[in-house]
Structures are given as C-alpha cells and as structure tokens.
Amino acid sequence: MTNRTVLKSQRPFLYRSLASYLREVFGRTLRKVPIDPGFGCPNRDGSIGADGCAFCRMSTFVPEHARGDLSPVEQISRARKGRKPEPFIAYLQAGTGTYTTPERFGDLVETICNLPDVAGLFVGTRPDFVDGAVLDTLKPWIHRKLVWLELGLQSANDRTLQRIGRGHGLDSFTKARHLASERGIPVLAHVILGLPGEGPEEMMGTASYLAEQMIEGVKIHHLQVIRGTRMEEMLRSGEVTPLTMDSYPALVAGFLKRLPPYTVIHRLLADALGDLLVAPQWPEREKVIQAIRRHMLQEGKWQGRLYEKGSV
Ligand code: SF4
C-alpha cells in the first residue's frame, strides 16, 4: 500500500466540495441559476461610494439570461428555457441582493421560493447591508428550502478592505455573520487570494478568521484583473502582482488546512472572463483544480488539518 492510498483511506475527501454537500442534502447536484435582482450597488451609486470595489466590473456578474429589462422571474424562465424541469437553486448574484426596502426584498423572496422547482435560494450581498429584518425574511424558509447568505468579505484585513475600496470593515462581516447564526442561516464568505498588499500571511489570516467564525461555507477566488477596473490601474502601476499558477495550489491548500472540516467549499478559483481578463492568464479551470488536488495529495494536506490540531 502506498502512502497515497493510506492518506486517501484515512479521509473521505481532500475538501468538502459544494457538489458533495448537495449530494448529501438532495442526493444529487443542483444547478444554480444566477439572477440580477436589479437593486444596484451602494458602492457605485454614491450611497457608500461612487467608484466601486477596485476589482469589480459589475457587468461580469450579470449572466446572459439576465440581460435586458427582465424581472427575476423572467430571468429564471429564460435561463431554464429548453431544459427539462428539474430542481434548481436561485441565486441573487448581481449587485447587492439586499439593497432595497424590507417589503420589496420580502416580496422577491416569497415570489422566488414559491416558483416550481426552486429547491434553494442563495442571497449574495454586502455584509453592511444585512440586518435583522433581512434575515427575519429569510428565516421562515430555512426548513423548506436550502437558504444560504453569501457575503462578500474578500479579506479579513481592514487595511486591504480600505485599499480595494470596499466601503466596509471586518466588523460588518462579523456582525452580519453573528445575526445570521442566531437565526440558523448558513453563511458563505467570498474571499479573494492575491489582493494588493497581501502575502501568504494575510491570506492565511483570513482563513484563520473564518475558522474562528466557524463559517459554514467559503468561495475562494484568485484575483483576476478585469479590463476597465481600478485594479487594472494598480496592475499598471505595480501596486499589485497577479498570482502565478505555480504558487496557487499551495495557497489554496494552506487556506483549506485552516478551515473547519465541515465548511463547504463552494469554489476554488474565479471564473474565466474571456476578453475582459487582463491577468493572470491561466489554464482552464479543471486543470487548476486538478493541480490543487494533486498538490494536496502529494503533500498530505487536507481541509481542516490545522484546524483539528487547534493551530489555526
Ligand atoms: S463587488 Fe459588489 S459591492 Fe463591490 S462594487 Fe461590485 S457589486 Fe458593488
């Protein structure tokens, strides 16, 4: 028996993927249907800021089926056209999914959750736009649908958050996470590896913070410099250096080692952006995932390894 086999037989997984989690819950994987709820972004319209986050180009969050002046229900029906009816997860993805009145948010949640085949609702938003009223709207659904709150954290380092113009600090995330926990709503934190001013120490600091928070889910992205963003200017001025493909598997593995073993890993890298991507140019997604898995197997790393030792 090789070492590799021993390692594999001691653990059921290298990390707890979204696909395996969905199979536990539903016995199958489910498609997520992204929606633009049309609420816009307070970090763009002047309410919090006017310049947006340095890495963001909002149009990249709006999927093809959501383009045009369509209601969320119309977007869903366009996304599902020509497909056989099957359960799916509705995902408020574009902009800030809770940046509206409690009544309008309540109506949207009610409408979506009552659509046929909706098995879950994931709400993406900023942590500073989550309060008790928003969460009380979601709470009645948690035993009927798979409800998750997706919060943009990006980094647990306040200096980084300031540098990339998030317009909120770590305290907003901590507060929103706490309010959601009180109501039994799982939280998924979005993080970006490779932000300006961050080395491995800061990135692992974000993992340790999320471990302390006993976070239910994490989406890991590598920083992608998108055309027309302030991050592109930072790249040109040398303020940020994109991560290399060679360094990424060890960074992701280090991040996963610090997280609790039960945290669901919803993603390991950012989506490809075609012509809008300035840097870094990496191989296709599956190859990056394979490189991460290979690194973890070869180096004997797995999600929760440091967490279980209490050394995060
Ligand atoms: S990342 Fe979110 S909060 Fe930041 S500018 Fe884009 S939509 Fe707004």
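Please order 20, 155 by the number of other Cβ within 10 Å, starting at the fewest. Intermediate results must be reported in sequence, preceding the final value.
On the way: 20 14, 155 23.
Ranking 20, 155 by Cβ neighbours within 10 Å, fewest first, gives 20, 155.
For residue 97, list long-range residues whose amide hydrogen, built 1.01 Å from N in the peptide plane, is under 5 Å from its own amide hydrogen.
Correct list: 124, 125, 126.
In deg cm²/dmol, rounded to 500, what helix-only [θ] at 222 nm does the chain give when every DSSP H run of at least 4 residues adds -39500 (n - 2.57) and the total is split over its residues?
Numbers: 12 runs with 115 residues, N = 312.
Counting only the DSSP helices, I get -10500 deg cm²/dmol.
Could you identify which residue out of 57, 293, 144 has the top mean-square fluctuation in a GNM of the chain using Cα springs shorter than 10 Å?
With Cα springs under 10 Å in the chain, the top fluctuation among 57, 293, 144 is at 144.
Could you tell me which of 47, 238, 178 has its Cα farthest along the dipole of the stretch 14-301 towards the positive end, charges placed at Cβ (Lys, Arg +1; Asp, Glu -1), taken about the Cα centre?
178
What is the sum of charges, Lys and Arg at +1 and Asp and Glu at -1, for the other residues whose Cβ falls under 14 Å from the Cβ of residue 166?
Numbers: positive: 44, 126, 159, 163, 230; negative: 51, 128, 158, 171, 198.
Surrounding charge for residue 166 is 0.
Using a ≥ b ≥ c from the Cα gyration tensor of the stretch 14-301 (square roots of the eigenvalues), is it rounded, prolate or oblate, where a/c under 1.5 gives rounded and otherwise the larger of a/b and b/c decides, a/b for prolate? Don't skip to the end; give the middle numbers.
Details: a/c = 1.40, a/b = 1.25, b/c = 1.12.
Cα axes put the stretch 14-301 in the rounded bin.
For a quick check: with amide H placed at 1.01 Å from N, whose amide H comes under 5 Å from residue 146's, ignoring anything fewer than 5 positions away on the same chain?
Those lying under 5 Å, H to H, from residue 146 are 120, 121.
Taking the Cα centroid of the stretch 124-148 and of the stretch 230-261, what is the distance between the two, rounded to the nearest whole Å?
30 Å
So for 69, 45, fewest C-beta neighbours within 10 Å to most, what's the order? Don't jump to the answer; show the numbers that get you there.
Numbers: 69 6, 45 14.
Fewest to most other Cβ atoms nearby, the residues stand as 69, 45.
Read phi for every residue in the stretch 168-181 and hand back ³J(HN,Hα) as whole Hz from Karplus 6.51 cos²θ - 1.76 cosθ + 1.60, θ = phi - 60°, with x for Gly and Pro.
8, x, 4, 4, 4, 5, 4, 5, 4, 4, 5, 4, 5, 4
Kindly put 267, 177 in sequence by how many other C-beta atoms sit within 10 Å of each C-beta, fewest to most.
Details: 267 17, 177 23.
So the ranking, lowest neighbour count to highest, is 267, 177.
Among 99, 137, 155, flag the residue with its Cα farthest along the positive direction of the charge dipole of the stretch 97-189, charges on Cβ as +1 for Lys/Arg and -1 for Asp/Glu.
Of 99, 137, 155, it is 155.
Report, in debye and to the nearest 20, how large the dipole of the stretch 14-301 comes out about its Cα centre when Lys and Arg carry +1 and Asp and Glu carry -1 on their Cβ.
Numbers: 36 positive and 33 negative charges, 187 e Å.
Value, rounded to 20: 900 debye.
In whole angstrom, how long is each semi-axis of the equivalent ellipsoid of the stretch 101-150, when you take the square root of 5 times every eigenvalue of its Cα gyration tensor and sort them from largest down? Don't jump to the answer; show the numbers that get you there.
Working: eigenvalues 62, 28, 18 Å².
Sorted largest first and rounded, they come to 18, 12, 10 Å.
Every number in this text was worked out from the coordinates using simple rules, so none of it is lab data. No experiment lies behind these values; they were computed from the predicted model shown. Every residue, glycine as well, gets a Cβ built from its backbone with ideal geometry; the counts of neighbours run over all protein chains shown.
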